[in-house]
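The values are calculated or read from the model by the stated rules, or taken from the named source; none is laboratory data. What you are looking at is a predicted structure, and each value in this text was computed from that prediction instead of being measured. So basically every Cβ, Gly included, is an ideal-geometry build from the backbone, and we count neighbours across all protein chains shown. For the accessible areas, the whole protein counts, side chains as well, though only heavy atoms, and no ligand, DNA or RNA atoms are used. Shrake-Rupley method; radii C 1.70, N 1.55, O 1.52, S 1.80 Å.
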Amino acid sequence: FEKISKALTITRLLGCRYMVIHPLMPYSHDREPDREEFYRINFEFFNKLLDGCEKNDVIICLENMPMPALSIASPQAVLDFVKEINCPYMGVCLDTGHCSVLKLSPGDAVRTIGKEYLKVLHIHDNMGERDQHLLPFKGIIDWEDFSKALKEIGFDGCLSVEAAPQSA
(Lines give C-alpha, C1' and ligand atoms only; values in the text may rest on other atoms or scores of the structure.)
Protein backbone atom coordinates (compact mmCIF):
# COMPACT_ATOMS: atom_id res chain seq x y z
CA PHE A 1 0.00 0.00 0.00
CA GLU A 2 2.81 2.44 0.86
CA LYS A 3 4.40 1.96 -2.58
CA ILE A 4 1.12 2.77 -4.31
CA SER A 5 0.68 5.84 -2.11
CA LYS A 6 4.17 7.02 -3.12
CA ALA A 7 3.31 6.29 -6.75
CA LEU A 8 0.30 8.60 -6.44
CA THR A 9 2.60 11.41 -5.30
CA ILE A 10 5.05 10.70 -8.12
CA THR A 11 2.17 10.64 -10.61
CA ARG A 12 1.16 14.13 -9.46
CA LEU A 13 4.76 15.40 -9.55
CA LEU A 14 5.08 14.16 -13.14
CA GLY A 15 1.97 16.12 -14.06
CA CYS A 16 -0.09 13.04 -14.84
CA ARG A 17 -3.81 13.03 -14.11
CA TYR A 18 -4.35 9.26 -14.19
CA MET A 19 -2.74 6.16 -12.71
CA VAL A 20 -3.77 2.78 -14.13
CA ILE A 21 -3.96 -0.16 -11.74
CA HIS A 22 -4.95 -3.80 -12.26
CA PRO A 23 -7.31 -5.40 -9.77
CA LEU A 24 -5.37 -7.08 -6.95
CA MET A 25 -5.02 -10.77 -7.72
CA PRO A 26 -4.03 -12.42 -4.44
CA TYR A 27 -4.71 -15.95 -5.70
CA SER A 28 -3.44 -16.32 -9.25
CA HIS A 29 -4.23 -14.99 -12.68
CA ASP A 30 -6.31 -18.01 -13.73
CA ARG A 31 -8.40 -18.84 -10.69
CA GLU A 32 -10.44 -17.11 -8.05
CA PRO A 33 -11.38 -19.53 -5.30
CA ASP A 34 -13.58 -17.09 -3.42
CA ARG A 35 -15.31 -14.40 -5.50
CA GLU A 36 -16.65 -12.54 -2.45
CA GLU A 37 -13.22 -12.44 -0.81
CA PHE A 38 -11.59 -11.28 -4.07
CA TYR A 39 -14.13 -8.49 -4.37
CA ARG A 40 -13.77 -7.50 -0.70
CA ILE A 41 -9.96 -7.35 -0.90
CA ASN A 42 -10.14 -5.08 -3.95
CA PHE A 43 -12.93 -2.93 -2.54
CA GLU A 44 -11.03 -2.31 0.70
CA PHE A 45 -7.74 -1.65 -1.09
CA PHE A 46 -9.12 0.87 -3.57
CA ASN A 47 -11.20 2.65 -0.94
CA LYS A 48 -8.07 2.98 1.18
CA LEU A 49 -6.28 4.75 -1.72
CA LEU A 50 -8.94 7.40 -2.27
CA ASP A 51 -7.63 9.89 0.31
CA GLY A 52 -4.24 9.84 -1.42
CA CYS A 53 -5.96 10.27 -4.77
CA GLU A 54 -7.80 13.34 -3.57
CA LYS A 55 -4.70 14.77 -1.90
CA ASN A 56 -2.71 14.38 -5.14
CA ASP A 57 -5.62 15.09 -7.51
CA VAL A 58 -4.95 11.81 -9.33
CA ILE A 59 -7.64 9.50 -10.68
CA ILE A 60 -7.05 5.77 -10.33
CA CYS A 61 -8.20 3.94 -13.44
CA LEU A 62 -9.01 0.29 -12.92
CA GLU A 63 -8.09 -1.80 -15.97
CA ASN A 64 -10.16 -4.61 -17.43
CA MET A 65 -8.27 -7.92 -17.47
CA PRO A 66 -7.95 -10.85 -19.92
CA MET A 67 -8.70 -13.48 -17.26
CA PRO A 68 -12.25 -14.86 -17.50
CA ALA A 69 -11.92 -16.56 -14.11
CA LEU A 70 -11.73 -13.21 -12.30
CA SER A 71 -14.96 -11.51 -11.27
CA ILE A 72 -13.43 -8.05 -11.82
CA ALA A 73 -12.15 -8.65 -15.36
CA SER A 74 -14.71 -7.67 -17.99
CA PRO A 75 -15.29 -4.02 -18.83
CA GLN A 76 -18.81 -4.28 -17.38
CA ALA A 77 -17.51 -5.78 -14.11
CA VAL A 78 -14.83 -3.08 -13.82
CA LEU A 79 -17.43 -0.38 -14.48
CA ASP A 80 -19.79 -1.87 -11.86
CA PHE A 81 -16.93 -1.99 -9.35
CA VAL A 82 -15.94 1.64 -10.01
CA LYS A 83 -19.58 2.74 -9.72
CA GLU A 84 -19.86 0.95 -6.38
CA ILE A 85 -16.74 2.77 -5.11
CA ASN A 86 -18.65 5.92 -6.11
CA CYS A 87 -15.81 8.44 -6.04
CA PRO A 88 -14.69 11.00 -8.65
CA TYR A 89 -11.12 9.75 -8.13
CA MET A 90 -11.93 6.33 -9.65
CA GLY A 91 -12.26 5.73 -13.38
CA VAL A 92 -11.81 2.99 -15.96
CA CYS A 93 -8.90 2.08 -18.20
CA LEU A 94 -10.13 0.08 -21.18
CA ASP A 95 -7.60 -2.36 -22.61
CA THR A 96 -8.60 -3.32 -26.16
CA GLY A 97 -6.50 -6.48 -26.28
CA HIS A 98 -7.95 -7.71 -23.00
CA CYS A 99 -11.45 -7.25 -24.44
CA SER A 100 -10.50 -9.34 -27.46
CA VAL A 101 -9.19 -12.21 -25.30
CA LEU A 102 -12.55 -12.24 -23.50
CA LYS A 103 -14.31 -12.29 -26.91
CA LEU A 104 -15.76 -8.83 -26.31
CA SER A 105 -15.94 -5.94 -28.77
CA PRO A 106 -13.80 -2.99 -27.62
CA GLY A 107 -16.28 -0.68 -29.38
CA ASP A 108 -19.17 -2.11 -27.38
CA ALA A 109 -17.08 -1.79 -24.21
CA VAL A 110 -16.52 1.92 -24.95
CA ARG A 111 -20.27 2.40 -25.37
CA THR A 112 -20.96 0.50 -22.13
CA ILE A 113 -18.45 2.43 -20.03
CA GLY A 114 -19.25 5.84 -21.51
CA LYS A 115 -17.49 9.17 -21.25
CA GLU A 116 -18.12 9.73 -17.54
CA TYR A 117 -16.01 6.74 -16.48
CA LEU A 118 -13.69 6.02 -19.43
CA LYS A 119 -10.48 7.95 -18.73
CA VAL A 120 -7.63 5.91 -20.26
CA LEU A 121 -7.21 3.56 -23.22
CA HIS A 122 -4.58 0.84 -23.58
CA ILE A 123 -4.55 0.19 -27.31
CA HIS A 124 -3.23 -3.03 -28.81
CA ASP A 125 -4.42 -5.95 -30.89
CA ASN A 126 -4.28 -9.75 -30.79
CA MET A 127 -5.71 -12.81 -32.47
CA GLY A 128 -8.35 -13.29 -29.75
CA GLU A 129 -6.62 -16.12 -27.91
CA ARG A 130 -4.03 -14.46 -25.69
CA ASP A 131 -2.67 -11.05 -24.73
CA GLN A 132 -0.15 -10.55 -27.57
CA HIS A 133 0.22 -6.74 -27.58
CA LEU A 134 0.26 -6.53 -31.37
CA LEU A 135 0.10 -3.20 -33.16
CA PRO A 136 -3.43 -2.13 -34.13
CA PHE A 137 -4.63 -3.73 -37.40
CA LYS A 138 -2.32 -6.76 -36.91
CA GLY A 139 -5.03 -8.85 -35.23
CA ILE A 140 -8.79 -9.25 -35.18
CA ILE A 141 -10.09 -6.12 -33.43
CA ASP A 142 -12.61 -4.04 -35.37
CA TRP A 143 -10.80 -0.69 -35.21
CA GLU A 144 -13.39 1.08 -37.33
CA ASP A 145 -16.14 0.26 -34.82
CA PHE A 146 -13.83 1.14 -31.92
CA SER A 147 -13.07 4.57 -33.44
CA LYS A 148 -16.76 5.12 -34.11
CA ALA A 149 -17.60 4.31 -30.48
CA LEU A 150 -14.99 6.79 -29.18
CA LYS A 151 -16.52 9.51 -31.35
CA GLU A 152 -20.03 8.58 -30.20
CA ILE A 153 -19.19 9.12 -26.52
CA GLY A 154 -16.91 12.12 -27.14
CA PHE A 155 -13.88 10.44 -25.56
CA ASP A 156 -11.36 13.03 -24.38
CA GLY A 157 -9.14 10.97 -22.08
CA CYS A 158 -5.66 9.57 -22.39
CA LEU A 159 -4.50 7.01 -24.95
CA SER A 160 -1.50 4.71 -24.68
CA VAL A 161 -0.38 2.34 -27.43
CA GLU A 162 0.64 -0.77 -25.50
CA ALA A 163 2.18 -2.77 -28.34
CA ALA A 164 5.32 -4.84 -28.14
CA PRO A 165 8.18 -4.22 -30.60
CA GLN A 166 7.74 -6.34 -33.70
CA SER A 167 10.07 -7.22 -36.53
CA ALA A 168 9.19 -6.07 -40.04
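Over the chain, what relative contact order in percent results from Cα pairs under 8 Å that are six or more residues apart?
18 percent
For Lys48, the lysines whose Cα comes closer than 26 Å to its Cα, not counting residues fewer than 8 places off in the same chain, are Lys3, Lys6, Lys83, Lys115, Lys119. Taking each residue as 0.36 nm, the span from Glu116 to Leu13 lengthens on full extension beyond its C-alpha to C-alpha distance by 34.6 nm.
Share of carbon and sulfur in the accessible area of segment 89-136 stands at 51%, probe radius 1.4 Å.
How much accessible area per residue does segment 1-96 have, in Å², with a 1.4 Å probe?
Values: 4930 Å² over 96 residues.
Heavy-atom SASA per residue in segment 1-96 reads 51 Å².
The Cys residues in the chain with no partner Cys Cβ within less than 4.7 Å of their Cβ are Cys16, Cys53, Cys87, Cys99, Cys158. Here are labelled values, (i) 166; (ii) 132; (iii) 120, and one is the computed volume of the Cα convex hull per residue in Å³ for what I pasted. Which one? Checked against the structure: label (iii).
Placing dummy labels 7 Å off each Cα toward the beta-carbon, the span from Glu152 to Arg40 is 3.9 nm.
At full extension, Ala69 and Glu84 could sit 3.3 nm farther apart than now, given 0.36 nm per residue minus the alpha carbon distance.
Please say if segment 124-164 is rounded, prolate or oblate, where rounded means a/c under 1.5 for a ≥ b ≥ c the square roots of the C-alpha gyration tensor eigenvalues, and otherwise the choice is prolate for a/b larger than b/c and oblate otherwise? Cα axes put segment 124-164 in the oblate bin. Straight Cα distances below 19 angstrom link Lys148 to the aspartates and glutamates Asp95, Asp108, Glu116, Asp125, Asp156, with same-chain residues fewer than 8 positions distant left out.
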